[in-house]
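The values are calculated or read from the model by the stated rules, or taken from the named source; none is laboratory data. Values in this document were obtained by computation on a predicted structure and should not be read as measured data. Ideal geometry is used to build each Cβ from the backbone, glycine not excepted, and the neighbour counts take in all protein chains shown. Quick note on the areas: whole protein, heavy atoms, side chains included, nothing else; ligands and nucleic acids left out. Shrake-Rupley method; radii C 1.70, N 1.55, O 1.52, S 1.80 Å.
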Amino acid sequence: AGISRYAISSQSAVIESGEVTPVIWQTRKGVWAGAAPCTGPITSQWFVGATADITSKGSLNLVNSGLGKAVITVNVFTDNGAVTPRDVVVGANSFLNLPLVSLAPGSKKIAIHIKPKSGRVNGFVIDERGRGLRSLGGDILNSTAEPVKVLQIPAIPQQVNRNQATPHTLRLYVPGAIDARISAEIRSTDGTFSPIGINGKVIPNQKVVEIPMKIKMAAGKFALHISSDQPILGSVFTQTVVQGKSDFIWSTHAPDLQKFTLATNGLAPNLVFTGKEIRISLDLLSSSGKTKRVEIRGEDIATYAVAASTRSVTFTNISKATSGAALISSKSGSGYIPLVPGSVLTKSSIPSSNISVLIP
């Protein structure tokens, strides 16, 4: 109570936050930064991103917040296909750190699926890279729940340096048994258009595929919408420069926005919304206890900069087929989070009693 920013000294923490979704903001001072919403126990998690080649210093972190041991099946996929699945055991109320290079040694393009067989489990992927003593940046890779036929990536940062835009790479994975044919649309303040080399492309199933994206437009933010005839997973890798240092961001899929409250104290995120007709009410709670309502209206894309003094943002009155994400910047680097509720009420059934159990 009374704490809005809490430093975590160990590698995992369990927080009972009620209806508010906390955000973890992780930095390696002056090197890289990343963000992720705290989430409740999951039944399935996909991570499309990161690398396991010689530059990788990243890891898959598995957290078991239950009172019994957890058994988790970890499936890894590369551009050559699936790697043999492995079952991992995590002790009660503990965490396990698995280096990415141990999951698919030497693979540059990977996707990870974790599925618990037992236990209260969460997974987190840290994608940190370096070459020798030189850092190449890092990020926290946000997860998605299940493959979808309409992939919405609301917030992709666009930097322009000396008339050259920083590069983007689209990574896709089709988990089914049939190849997928896709089409894509970019939505930005400069207009809506189709990126070159994506429309009509066939993505082979069960192989991780990357497509370079050459986007020529002014600095800012844009959204990417991908339609597929088969369920698909994807994310966008964007190289960034922060105070002359190289960093990167993984922008991931965000499902349709729903009512929830996001903790934002000190983060000052830039909220980005995408949809055909965007209508959202933001209820802002400041650190002084005052509340303020902001109405967001727009077509294709809309943005709003949240002040650092804002303690939380509640999203209400949301239009259909609208999704959102937040971009966060600091002196150490940049981060991305999809706007999804992480804290949800857990329901359990009430056991039924029968007198015949006691009196045969």
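Some points to look at:
- Taking every alpha-carbon pair in segment 1-147 and binning the separations at 5 Å intervals from zero gives 2, 9, 18, 22, 20, 15, 9, 4, 1, 0, 0 percent.
- Counted by Cβ distance under 11 Å from Pro341, the other residues give a net charge of 0, where Lys and Arg count +1 and Asp and Glu count -1.
- Once C-alpha pairs closer than 8 Å and six or more residues apart are averaged by separation and normalised to the residue number of segment 133-249, the relative contact order reads 41 percent.
- Here segment 246-280 and segment 290-336 have alpha carbon centers that stand 6 Å from each other.
- J(HN,Hα) series, segment 276-289, from Karplus relation 6.51 cos²θ - 1.76 cosθ + 1.60, nearest Hz, glycine and proline x: 5, 10, 9, 9, 9, 9, 10, 9, 9, 10, 7, 5, 7, x
- Residues in segment 125-133 carry Karplus couplings, in order, of 10, 9, 9, 10, 10, x, 10, x, 8 Hz; the curve used is 6.51 cos²θ - 1.76 cosθ + 1.60 with θ = phi - 60°, and Gly or Pro positions show x.
- In this structure, the residue pairs whose Cα-Cα separation is over 23 Å, taken from Lys259/Lys331; Lys216/Lys320; Lys149/Lys320, are Lys259/Lys331; Lys216/Lys320.
- Per residue, the average separation of C-alpha pairs within less than 8 Å and at least 6 apart gives the chain a relative contact order of 19 percent.
- Neighbour net charge for Gly191 - beta-carbon separation under 13 angstrom, K R +1, D E -1: -2
- Computed over neighbours whose Cβ is under 15 Å from that of Thr314, the net charge equals +2, Lys and Arg +1, Asp and Glu -1.
- Entry for the chain at q = 0.12 Å⁻¹: log10 I(q)/I(0) = -0.90, Debye formula applied to identical alpha-carbon scatterers, no solvent contribution.
- For segment 85-222, the percent of C-alpha pairs falling in each 5 Å distance bin, counted from 0 to the bin holding the largest distance, reads 2, 7, 13, 18, 18, 17, 13, 8, 4, 2, 0.
- Three-way shape label, segment 213-319, alpha-carbon gyration tensor, a/c 1.5: oblate
- Per residue, segment 170-294 exposes 43 Å² of solvent-accessible protein surface, assessed with a 1.4 angstrom probe and all protein chains in place.
- ³J(HN,Hα), Karplus 6.51/-1.76/1.60, whole Hz, each residue of segment 199-211, x for Gly, Pro: 4, x, 6, 9, 9, x, 6, 6, 9, 6, 10, 10, 10
- Relative contact order of segment 192-337, taken over Cα pairs closer than 8 Å and 6 or more residues apart, is 25 percent.
- Here the chain is treated with +1 on each Lys and Arg Cβ and -1 on each Asp and Glu Cβ, and its dipole about the Cα centre works out to around 580 debye.
- Each principal axis of the Cα cloud of segment 144-289 was evaluated for its coordinate range; sorted largest first, these ranges are 55, 40, 27 Å.
- Candidate aspartates and glutamates - alpha carbon under 16 Å from Lys276, same-chain residues fewer than 8 apart omitted: Glu185, Asp190, Asp256, Glu299, Asp300
- When both segment 71-103 and segment 134-151 are represented by their alpha-carbon centers, they are found 17 Å apart.
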